[in-house]
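As structure tokens, the structure follows; a few thoughts come after it.
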Amino acid sequence: MIELQKITKTYVNSEQSVPVLKGISFKIENGEYVAIMGPSGSGKSTLMNILGALDTPTSGKYILDNQDVAQLSANELARIRKGKIGFVFQAFNLLPRTTVLRNVALPLMYAEVPKKERNLRAEKALLSAGMDRERFSHTSNQLSGGQMQRVAIARALVNDPSLILADEPTGNLDTKTGEIVLETFRALHEAGHTIVLITHEKDVAEHAKRIITIRDGLVLSDNVTIHA
């Protein structure tokens, strides 16, 4: 499903060139649950932006569903993000005074999906993310942090993406609530979803089935986790 071939990324300013990724290569098969782990400055955020079609590499290939994403135009990248990738962010990025159901249905509104269908798909995504039906009519600012993250996960699922990309999804949560959210990812993986989790925390990464560790813009290790 995903193949990175010698991906590099160099940022150039008026004074110098700064290499951030220095030849990243790995594959992720359909249905895998993979954590990409690294300390601050390792290049994992840049790598996440490339995986999410938010940025393009300086060189190398990024193959997603047999398509070389690295060669696409800005409009083509936007279509990839819209149709193939579901994003879950640390900050949730929900509309605060909008209902749970409408927050999740919003991407379908932009896609001009009829109201009845988008509500049905939003309800299905919320249930898949472990959200109680009684919360669907609540506004997001009436929810706990864990509930907001579940809504964000549901929003990522609603377009039935090929890839769920989660960037530090437990970063704003306490340990107990974070465990609940990670349990949601485990259930989604068991249901067949492909998940890539970006984190700097080892105990979070160990919930995945495989951990790719990067440091100084290179792959340091690529291991199956003990519980896999």
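No value in this document is a laboratory result; all are computed from the given coordinates. Keep in mind the model is a prediction, meaning the values are calculated, not measured. Note that each Cβ is placed from the backbone with ideal geometry, even for glycine, and that neighbours are counted across all protein chains shown.
Counting pairs of alpha carbon atoms under 8 Å apart in space and at least six apart in sequence, what relative contact order in percent does the chain give?
28 percent
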Derived scalar couplings ³J(HN,Hα) [segment 10-26; Karplus, 6.51 cos²θ - 1.76 cosθ + 1.60; whole Hz; x for Gly, Pro]
10, 9, 10, 10, 5, 9, 7, 9, 10, x, 10, 10, 10, x, 8, 9, 6
May I ask which of 115/176; 61/82; 61/209; 9/209; 27/115 have a Cα-Cα span longer than 29 Å here?
115/176; 27/115
To the nearest 20 debye, what charge dipole does the chain have about its Cα centre, counting +1 at the Cβ of each Lys and Arg and -1 at the Cβ of each Asp and Glu?
560 debye
Going by how many other Cβ atoms sit within 10 Å of their own, how do 29, 3 line up, fewest first?
29, 3
Among (i) 52, 40, 34; (ii) 59, 38, 27; (iii) 56, 50, 35, the entry that matches Cα extents along the principal axes in Å as calculated here:
(i)
Within the chain, helix-based [θ] at 222 nm, where runs of 4 or more DSSP H residues each add -39,500 (n - 2.57), nearest 500
-10000 deg cm²/dmol
Under the 7 Å Cα-to-Cβ spin-label approximation, residue 63 and residue 132 lie apart by a distance in nanometres of 4.7 nm
Based on Cα coordinates alone, diagonalise the gyration tensor for segment 48-112, multiply each eigenvalue by 5, take square roots, and list the semi-axes in whole Å, largest first.
27, 13, 9
A chain fully extended from residue 49 to residue 73 at 0.36 nm per residue, minus the present Cα-Cα distance, gains in nm 7.1 nm
Nearest-5 percent of antiparallel DSSP beta bridges in the chain?
55 percent
Specify whether the C-alpha gyration tensor of segment 115-163 places it in the rounded, prolate or oblate class, a ≥ b ≥ c being the square roots of the eigenvalues: rounded for a/c under 1.5, otherwise prolate if a/b is larger than b/c and oblate if not.
oblate
